[in-house]
Amino acid sequence: MRHWDACDPDRHPFVWDEDEEARLRSLVRAWVPPVPSGMAGWWEGERWCERQVDAIIRERYGAWTWGWTWCHSSGGPVGTWAGGPSSVTTPDETAERVVAALLEWRTWLERTARRFAELAPPADASPEDRSWHLERACVRLVTYAVDSGADNAWCGQTSRVLNWFLTSTGMDRAEAERAVERAIGGRFRSWVPPRRTLIDSVGEDFAVGLTGRDPYRGHREREALEELHDRR
């Protein structure tokens with residue numbers, strides 16, 4: 001699931017209505033253990049339930065759904081699910097959380113796709129213009145990951161989002177991974193929010209590493225685009 005084409009909502013339609021929600025809730029409720037394992041049982045039953053529900057969701061809607069359990073505590077953008085031990089309780093409560101997490105994940109993917117489209121360099125951009133666009137994209141996508149609610153492993157989400165962004169523009173996957181590693185190179189740390197100066201430095205290295213051109217110039221004609229991206 002490191003690849004954007006496996007998650008891109010434009011490639012993977014999602015039909016959702018009241019009947020489908022009721023069906024999913026029913027399927028989830030059937031797998032919730034009648035007696036919770038709890039700490040004494042190392043949450044074995046709750047973890048088992050999460051695995052069964054995950055299998056149902058992937059089979060029913062597709063592989064793009066893998067991230068519905070990518071919760072904040074694991075560095076992900078999903079806040080309505082916190083893993084089997086915490087989120088599997090009664091059948092009704094568990095079903096409620098599963099539905100909310102799936103829809104939250106889908107909404108995040110759709111929002112991410114829009115950000116990629118807004119930030120992508122124009123196809124006919126000169127090397128200098130492309131560098132400018134890539135620097136701004138990196139800065140905004142790092143901030144996007146930091147602001148997602150992710151906890152200690154936010155930097156993993158950052159790398160994944162940047163990789164996805166580059167492959168969404170048509171870049172080879174291996175090349176995208178190398179570009180992100182060159183720019184970040186262990187400079188982000190779990191549990192440590194990045195300073196704006198560090199984010200800006202990573203953005204510059206990201207752009208220069210991809211284009212060989214410095215993105216910093218006077219771009220007064222782009223002030224409107226800067227302000228648009230900053231508001232999002």
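The values are calculated or read from the model by the stated rules, or taken from the named source; none is laboratory data. Worth saying up front: this structure is predicted, and the values here are computed from it rather than measured. Glycine gets a Cβ as well: all are built from the backbone with ideal geometry, and neighbour counts include every protein chain shown. Side chains are part of the model used for accessible areas, which takes the heavy atoms of the whole protein and leaves out ligands, DNA and RNA. Shrake-Rupley method; radii C 1.70, N 1.55, O 1.52, S 1.80 Å.
The table that follows gives values for the structure above.
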{"read-out": "Accessible solvent surface per residue of the chain, calculated while the other protein chains remain in place, 1.4 angstrom probe, Å²", "value": "52 Å²"}
{"read-out": "Max mean-square fluctuation residue, GNM over the chain, Cα-Cα springs under 10 Å, options Thr143, Thr158, Thr65", "value": "Thr143"}
{"read-out": "The chain: most fluctuating residue of Phe206, Phe188, Phe14 per GNM, C-alpha cutoff 10 Å", "value": "Phe14"}
{"read-out": "Dipole of the chain, positive end: most advanced residue of Ala95, Trp48, Trp154 [Cβ charges, Cα centre]", "value": "Trp154"}
{"read-out": "222 nm mean residue ellipticity, helices alone, for the chain (DSSP H n ≥ 4; -39,500 (n - 2.57); rounded to 500)", "value": "-19000 deg cm²/dmol"}
{"read-out": "Nearest-20 debye value, the stretch 1-58 charge dipole, Cβ charges on Lys, Arg, Asp, Glu", "value": "320 debye"}
{"read-out": "The chain: angle of helix 127-146 to the longest principal axis, Cα-based, in degrees nearest 10", "value": "30 degrees"}
{"read-out": "Highest-fluctuation residue, Asp200, Asp54, Asp17 considered, GNM on the chain with Cα pairs under 10 Å", "value": "Asp17"}
{"read-out": "Dipole magnitude of the stretch 75-204, debye to nearest 20 (Cβ charges: Lys/Arg +1, Asp/Glu -1, about Cα centre)", "value": "260 debye"}
{"read-out": "Anisotropy class of the stretch 1-118 from Cα gyration tensor, a/c 1.5 cut", "value": "prolate"}
{"read-out": "Magnitude of the charge dipole, the chain, Cβ model with Lys/Arg +1 and Asp/Glu -1, debye to 20", "value": "500 debye"}
{"read-out": "Accessible surface of the stretch 58-98, 1.4 Å probe, proportion on carbon and sulfur as whole %", "value": "46 percent"}
{"read-out": "Angle in degrees between helix 196-211 and the longest Cα principal axis of the chain, rounded to the nearest 10", "value": "70 degrees"}
{"read-out": "For the stretch 70-76, 3J(HN,Hα) per residue [Karplus equation, 6.51 cos²θ - 1.76 cosθ + 1.60, θ = phi - 60°, Hz, x = Gly/Pro]", "value": "7, 7, 4, 5, 9, x, x"}
{"read-out": "Tilt relative to the chain, helix 154-168 - C-alpha long axis, 0 to 90 degrees, to 10", "value": "70 degrees"}
